[in-house]
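Chemist: Let me give you the structure first, and then I'll get to my questions.
Just so you know, all these numbers are worked out from the coordinates, no wet-lab data involved. As the structure is a prediction and not an experimental result, all values here were calculated from the model. No Cβ is skipped: glycine too gets one built from the backbone with ideal geometry, and neighbour counts run over all protein chains shown.
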Amino acid sequence: MRLFFLAAASLSILTASLVAQTGPLVRIGDVVEMRLSGVPQELAAEYAVQYTVGPEGTVNVPLVGELKVSGLTATQVERAIQTKLVAEKIFTHPTAIISIAARFVSVGGAVKAPQRLQWSSDLTLQTSIESVGGLDEFASPKGVRLVRDGKILQKYDLRILRKDPSQDPKLLPGDQVYVPKP
């Protein structure tokens, strides 16, 4: 029994370590911030900008060109940029630093103040609707759509979610919530 506990604890530590190394994945619509060092000072400023990941999952980086970044971690994007700059003999020892600047969720349809909300790990379908002022007078609590990666993930009935908050789905960056009118 003790051996099993130690093995389980080791697996838990290993899993946490792997998650920390990999980090969150870059998604379509993310704003990524890039800084570049190991290059001439005047060129470093040209790279210190924010890029919005386009609908194809790419960003256009100077001297690198279109680079597919969605589905990669920040570390993988850093390595891809560094490798390309060295392979093209543009710079010899560049260091790219990528961070995900802001992530958003869109809430629209029959709500009082449709808008984009900054994503947080505790944002749920219900809290996103409450954050935009709640339902307007024409809203239907049935058939609220959760769209993820361009596909309707599921339709929800807000009355059921209010009765059983355990069914209230957590939102991910880039999700869209649409409240229909009857």
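Chemist: Name the chymotrypsin sites (Phe, Trp or Tyr not before Pro) in the range 109-182 that are in a loop by DSSP and that have at most 15 other C-beta atoms within 10 Å, would you?
Modeler: The qualifying sites are F138.
Chemist: In nm, what is the difference between 0.36 nm times the number of residues separating E88 and Q118 and their Cα-Cα distance?
Modeler: Value of the extension gain: 7.1 nm.
Chemist: While we're on this one: Amide H of L123 versus every other amide H placed in the peptide plane: which residues, excluding those fewer than 5 positions away on the same chain, fall under 5 Å?
Modeler: L171
Chemist: Right, here's the next one. If I take every Cα pair under 8 Å that is 6 or more residues apart in the range 24-102, average their sequence separation and divide by the length, what percent do I get for the relative contact order?
Modeler: Once normalised by length, the contact order is 40 percent.
Chemist: Go through the range 139-149 residue by residue and turn each phi into a ³J(HN,Hα) via Karplus (6.51, -1.76, 1.60, θ = phi - 60°); whole Hz please, and just put x for glycine and proline.
Modeler: For the range 139-149, the Karplus curve yields 6, 10, x, 9, x, 5, 9, 10, 9, 10, 6 Hz.
Chemist: Whole-Hz ³J(HN,Hα) for each residue in the range 47-54, computed from phi via Karplus 6.51 cos²θ - 1.76 cosθ + 1.60 with θ = phi - 60°, x for glycine and proline: what do you get?
Modeler: 8, 7, 9, 9, 10, 9, 6, x
Chemist: When a/c is below 1.5 the answer is rounded, else prolate if a/b is larger than b/c, else oblate, so apply that to the range 33-81 with a ≥ b ≥ c taken from the square roots of the Cα gyration tensor eigenvalues.
Modeler: In terms of gyration-tensor shape, prolate.
Chemist: Further, regarding this structure: How far is helix 74-87 tilted off the main Cα axis of the chain, in degrees rounded to 10, range 0 to 90?
Modeler: 30 degrees
Chemist: Which value in nm describes the separation of the simple spin-label points at D168 and T95, placed 7 Å from the Cα toward the beta carbon?
Modeler: Distance between label points: 4.4 nm.
Chemist: Ignoring everything except DSSP H segments at least 4 long, calculate the 222 nm mean residue ellipticity for the chain; use -39,500 (n - 2.57) per segment, divide by total residues, nearest 500.
Modeler: -9000 deg cm²/dmol
Chemist: Sort the range 104-179 into rounded, prolate or oblate with this rule: let a ≥ b ≥ c be the square roots of the eigenvalues of the Cα gyration tensor; rounded if a/c is under 1.5, and if a/c is not under 1.5, prolate when a/b is larger than b/c, oblate otherwise.
Modeler: On the way: a/c = 1.31, a/b = 1.11, b/c = 1.18.
Taking the square roots of the gyration eigenvalues as a ≥ b ≥ c, the range 104-179 is rounded.
Chemist: Relative to the longest principal Cα axis of the chain, at what angle does helix 2-22 sit, 0 to 90 degrees, rounded to 10?
Modeler: Compared with the principal axis, the helix lies near 70 degrees.
Chemist: Sticking with this structure for a sec: Compute the Rg/Rh shape ratio of the chain: radius of gyration over Kirkwood radius, all on alpha-carbon atoms.
Modeler: Here the Rg-to-Rh quotient is 1.11.
Chemist: Let me ask you something else. Contact order normalised by length for the range 25-182, with contacts defined as Cα pairs under 8 Å and 6 or more residues apart; what percent is it? Provide the component values of the computation, followed by the final result.
Modeler: Numbers: 324 pairs, mean separation 35.2, N = 158.
Reported relative contact order: 22 percent.
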